[in-house]
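First comes the structure, then the notes that go with it.
The values are calculated or read from the model by the stated rules, or taken from the named source; none is laboratory data. Note that this is a predicted model, so its numbers are computed, not measured. Every residue, glycine among them, receives a Cβ derived from its backbone with ideal geometry; neighbour counts consider all protein chains shown.
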Amino acid sequence: MEKAEKTAKDIELQRKSYKPIAVRGSIIYFVIASLANVDSMYNYSLEYFSKLFNQRLEKSEPNSALDKRVKILIQDITISFYEKISRGIFEQDKLLYAFLITINILIAEDTVTMEEWNYFLRGSVNSIDETKKIVDWVDMETYKKLCLLRECNYYFIDIEKSFADENDKVLWKTFMKSSSPYQEKLPDKFEKLSPFCRLVLIKNLREEKLIFAIKNFIERYMDKRFIESPAFSVAGAYDDSIPKTPLIFILSPGANPIQFLKNYAREKNVKLNTISLGQGQEKHAKNLITKCRESGDWVCLENCHLFLTWMPALEEIQDEMVPEDLNPGYRLWLTSKPEKSFPVSILQNGVKITNEPPKGIKANLKGTFQNLKEEDYNGSNKPAEYKKLLFTLAFFHAIILERKKFGPLGWNIPYEWMNSDLETSKIHLKVNYNLKIIDVC
């Protein structure tokens, strides 16, 4: 009994030492679960999360010192889940996801209070007496927001008096005109503001700079990797999957991931069977899935959004499969545009991948070169010069995609430039270069 009691105490001590990892895991899981409120395609199950969580426990860097091991696991789990889930959400939502992870971690650590967070989200419902305005150099709307800041944190008490004070006015005017207000010096009393309260200040008074301030805030508390989009990677999605896990490409306008999938299947020396779903294809699709489960080949069902009436049948096919009977090499790939009626069970247990141009020229170039291999360069008889031309082409590709966001200001005639155009241009460049039709440098 004494021995059993001692063992139980040792186990409890070890369990408590690893508790911070479980806490971090639960924080990230509830953030991921909340993403379904943003887009119905961002559905993830607890089973899927647990599989990835255990995978990181096994693959993370080992360390015999307990405190170092715990820190390594917390860091590994946080960045891994950001990158793996970001791979399956659209560019416009990635910053929101990173911000939610950061805020929820800070709330759990009591660095940010729930009152501050609620004020940031909802603002104030109270009103201000307009006759008592004491700051003459801001408009009434700004003055109201200024006075209501006191509801967020006691450090904001009498902030309107600071705006009216002759000594503080210069610093506040600089803050109100600055292109990066999150980096500006504030009057002494307000220099004590926490980074999050400064973010609240920017949201109230300089809302047009909020996105930049949030990026700065995330980088301060987390890492630069949380504000950079992970490069599109079919291999990364495949590594996170098992035979019973469907892999879902969530399509966006102008994006076609099939060529990437075909290239990866060729690289893995696997036969890829593709079907574009539509009326009359259901029997063929079902037979092909059954056949490939035994042979270990891959099946890709394209454009699931065009045949939603058959999706419940696919859901049944997935539910009825026995994992032990599946060939280890088998994978089911799906492509679909976002649809609210897409089966939730397939979404929750699937590995999701979005394929759209990253925001920014740097991120775009990084994504292009991520998909290039050494043999792409060696296929030319002058690889050094060819690399320069290829970089120029990739740079041109990135600029065109960036210009699309300006609409008619960028182009007289709209054209959906996409990855297939880049691939065609690369082939054309290589053929012309090797035939010496063009002269280099």
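Points worth noting:
- For segment 263-317, a residue qualifies if it is modelled with pLDDT of 90 or more, among the polar types (S, T, N, Q) and within 16 Å of LEU247 (Cβ to Cβ), and the qualifying residues are ASN273, THR274.
- Qualifying position, being free of Cβ contacts under 8 Å to residues at least 24 places away in the same chain and buried (at least 17 other Cβ atoms within 10 Å of the Cβ), among LEU277, LEU288: LEU288
- Here LEU52 qualifies as closer than 21 Å to ASP240 by Cβ, surrounded by 15 or more Cβ atoms within 10 Å (Cβ to Cβ) and not β-branched (Val, Ile, Thr).
- Residue check, VAL31 out of contact with any Lys or Arg (no Cβ under 9 Å at 6 or more places or on another chain), closer than 24 Å to LYS215 by Cβ and in a helix (DSSP H, G or I): yes
- Candidates SER124, SER179, filtered to the one that is free of Cβ contacts under 8 Å to residues at least 40 places away in the same chain, hydroxyl-bearing (Ser, Thr, Tyr) and either touching a Cys at 6+ places or on another chain (Cβ under 8 Å) or surrounded by 16 or more Cβ atoms within 10 Å (Cβ to Cβ) (or both): SER124
- Set ILE101, ILE85, ILE134, ILE105: member being touching a residue at least 24 places away in the same chain (Cβ under 8 Å) and surrounded by fewer than 16 Cβ atoms within 10 Å (Cβ to Cβ): ILE134
- Which listed residue, of THR111, THR174, is assigned to a loop (DSSP other than H, G, I, E, B) and among the polar types (S, T, N, Q): THR111
- Just so you know, in segment 318-371 the residues that are among the β-branched types (Val, Ile, Thr) and in contact with a strand residue (DSSP E or B) (Cβ under 9 Å, 6 or more places away or on another chain) include one that is modelled with the lowest pLDDT, and it is THR354.
- Conditions (1) part of a loop (DSSP other than H, G, I, E, B); (2) over 30 Å from the mean Cα position of the chain (by Cα): number failed by GLU339: (2)
- Boolean, VAL23 is touching a residue at least 60 places away in the same chain (Cβ under 8 Å), β-branched (Val, Ile, Thr), part of a helix (DSSP H, G or I) and over 28 Å from ILE346 (Cβ atoms): yes
- Against the test of being at pLDDT below 90, within 30 Å of TRP172 (Cα to Cα) and among the basic types (Lys, Arg), the options LYS209, LYS203, LYS189 yield a single qualifying residue, LYS189.
- Of all the numbered requirements in (1) in contact with a helix residue (DSSP H, G or I) (Cβ under 6 Å, 6 or more places away or on another chain); (2) more than 29 Å from GLY88 (Cβ to Cβ), TYR221 misses one, and that requirement is (2).
- The residues of segment 237-255 that are over 17 Å from GLU91 (Cβ atoms) and not aliphatic (A, V, I, L, M), listed by number, are TYR238, ASP239, ASP240, SER241, PRO243, LYS244, THR245, PRO246.
- Listed by first and then second residue, the pairs linking a residue in segment 386-399 that is of a type in the set (Gly, Ala, Ser) to a residue that is outside any helix (DSSP H, G or I) and surrounded by 14 or more Cβ atoms within 10 Å (Cβ to Cβ), with Cβ atoms under 6 Å apart and 6 or more places separating them unless they lie on different chains, form an empty list.
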